[in-house]
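Visitor: Below is the structure I would like to discuss, written out as structure tokens.
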Amino acid sequence: MALKMPAKFKSKPSSPLIMRISLVVSFLFHLVLLLSFQDAFPLYTDSEELRTYEVELIRPPVEDMDREEKGAVDIAKPAEEPDPPAEETQDTISLDTEDRRYVDYAQAVKERLRANWSYPQEARNHLIEGSLHVLFSLNREGALTRLEIRRSSGHEILDGEAARAVRSASPFPPFPAHITVSRLNIEVDFDYRITSRRKKQEEEKNGIVE
């Protein structure tokens, strides 16, 4: 026996109203779906300008670190510029100077030279005489910084003894406060002379005089 649907349950053709309702429902569904998606993944669509941030690196204190760690962490510092050297000032005197600033100091230098200067025995034996002019320089501490024989005696033995005497007398006394120069040049004449009596004795001793 075949089943038959009652006439009241037979489908009726879709009306335009139903289609409109379907479109509205579909639109609302998609709108809700879009809003849900935007809440989950917000979109930044505002035109606010980008902000710039500056980051400053601060080095931690290194006082408690040992030297090796400190050397590894320290940022290289530019080398400090050395102070410009003070302008050198100088003056030149002789041991017989009459300048009141240097009289006492020149006398001290003269005494120091006399204590270290001698007539070479070999020169005395050969009756060698002569004179020479020496220039030497001292710094404020009295240290010898320069030695020059300006005029030779013509005898190496005499020149060498004068130079030795200056070096042996160094260092000289430091400059007193009233001497303000940084370098003092001192001129000295070394005169090697044998007195007539002594010369005659040496000549007789060496058989030069009959």
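Values quoted throughout were computed directly from the atomic coordinates according to the rules given, and no laboratory measurement underlies them. From a predicted model like this one, the values you see are computed outputs, not experimental measurements. Cβ: placed from backbone, ideal geometry, glycine included. Neighbour counts: every protein chain shown.
Visitor: Test of understanding: what is the full-extension gain from ARG167 to ASN116, defined as 0.36 nm times their sequence separation minus their Cα-Cα distance?
Guide: 17.5 nm
Visitor: If you take the Cα atoms of the range 90-198, find Rg, then find the Kirkwood Rh from the mean of 1/r over all pairs, what is Rg/Rh?
Guide: Details: Rg = 14.6 Å, Rh = 14.5 Å.
Dividing the radius of gyration by the Kirkwood radius yields 1.01.
Visitor: Quick one: if the Förster radius is 25 Å, what FRET efficiency do ASN125 and ASP191 give, using the C-beta to C-beta distance and rounding to 0.05?
Guide: 0.85
Visitor: Simple spin-label model, 7 Å along Cα-to-Cβ: THR89 to SER36 in nm?
Guide: The modelled label-to-label distance comes out at 9.7 nm.
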